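Okay, so here's the structure we're looking at.
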Amino acid sequence: MNYSYKRYWEPSTSQALQASLGVGAVGTALFLPLDLLKVRIQQRAEGIGIRQKNFYAGYNFNRLFRQIHETGVGMKGFYVGLTTAIWARSSHLFVRNLVYKTLYDKYKPPKPTNDLTGREKQVISGIAGGVAAIVSNPFDLILTRQQADRGFLPEYRRNIKGVLHGIARTIREGSVSSLYNGLSANILRAVILNVSLTRPYDYMKESMWIMFGDTYFNIPTAAFCAALISTTLSLPLDNIRTRMQLAFKDPAKNRINYSGLIDCYRKATIIEGYEALLVGYLSLIHI
């Protein structure tokens, strides 16, 4: 039996991009309720100090689920911003996979028995994730505001009706640059997420292949382990991104005002402790 390592089947660029759109839509439909819970928990936790020394930060996402469901909106309340979410997820995956596939095809070894090193894949993944974050940031911002809107007092709600309405209102209340609030945190989050996802995934996949051969459990197991690591590492920046994207232009409406990423990190950790950076962990890890 030949045990020499070979790269797995590689899709063409068009196949990768088509899969991005399909996976983005299906993944959004499946996990949007959990994403909404994560945003609401992060929204509630801002500026209230340390309520509980665990990943809930004082908020149990099961209890929050029941609270939202009991308001009379039913399951529809968990799919607020579905269209925006599809735009955000699909555009991010489309650009990310396009950049990654382009760079990978350019630098991969010609022989199928060879592959790029883990470090090289991490660099490519980081670049691809950062570029995708720039493109999808306006959709992420609109989605975050739609999901958090019912968590504000009625007089503070933005009442965004959809993607175009959200973009137009954001520009009208500020400027085009307002669509890129939280961009620095979003780029760093995407870079860390992709870099920390690629190396553990390849390592686990190859280790499983060496130990157990080519089984059906290799890829799911490797994906789960990599997702656990990347989620833990990227969550602090996800929290910072949410806070910056939800900020109102009027300082009087904000619990805490931030001048940038570093200032947001500093104030969050001083007021709420380092646990503030892990708020929403138990809901995000299911996404």
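The values are calculated or read from the model by the stated rules, or taken from the named source; none is laboratory data. What you see is a predicted model, and the numbers here were worked out from it, not measured in a lab. Every residue, glycine as well, gets a Cβ built from its backbone with ideal geometry; the counts of neighbours run over all protein chains shown.
In this structure, Phe217 does not qualify as over 12 Å from the mean Cα position of the chain (by Cα), more than 22 Å from Gly130 (Cβ to Cβ) and modelled with pLDDT of 85 or more.
Condition check for Asp250 on (1) acidic (Asp, Glu); (2) under 24 Å from Arg150 (Cβ atoms); (3) touching a helix residue (DSSP H, G or I) at 6+ places or on another chain (Cβ under 9 Å): one failure, at (3).
Results for (1) modelled with pLDDT under 80; (2) closer than 26 Å to Val26 by Cα, shown as yes or no for each residue.
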position	(1), (2)
Val39	no, yes
Ile48	yes, no
Arg51	yes, no
Asn54	yes, no
Gly58	yes, no
Phe61	yes, yes
His69	yes, yes
Val73	yes, yes
Gly77	no, yes
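For the range 188-197, the condition of being hydrophobic (A, V, I, L, M, F, W, C), surrounded by fewer than 21 Cβ atoms within 10 Å (Cβ to Cβ), within 20 Å of Leu93 (Cβ to Cβ) and in contact with a Pro (Cβ under 8 Å, 6 or more places away or on another chain) holds for none of the residues.
Are any residues in the range 78-122 small (Gly, Ala, Ser) and farther than 29 Å from Lys38 by Cβ, and if so, which ones? Give the steps one after another, and end with the answer.
Restricting attention to the range 78-122, the residues satisfying the condition of being small (Gly, Ala, Ser) are 81, 85, 88, 90-91, 118.
Gly118, the sole residue that qualifies.
Here Pro236 passes the criteria (1) over 18 Å from Arg145 (Cα atoms); (2) touching a helix residue (DSSP H, G or I) at 6+ places or on another chain (Cβ under 7 Å); (3) without any contact (Cβ under 8 Å) to a residue 12 or more places away in the chain except the one numbered (3). Summed over the range 264-274, residues that are exposed (fewer than 14 other Cβ atoms within 10 Å of the Cβ) and modelled with pLDDT of 90 or more total 1.
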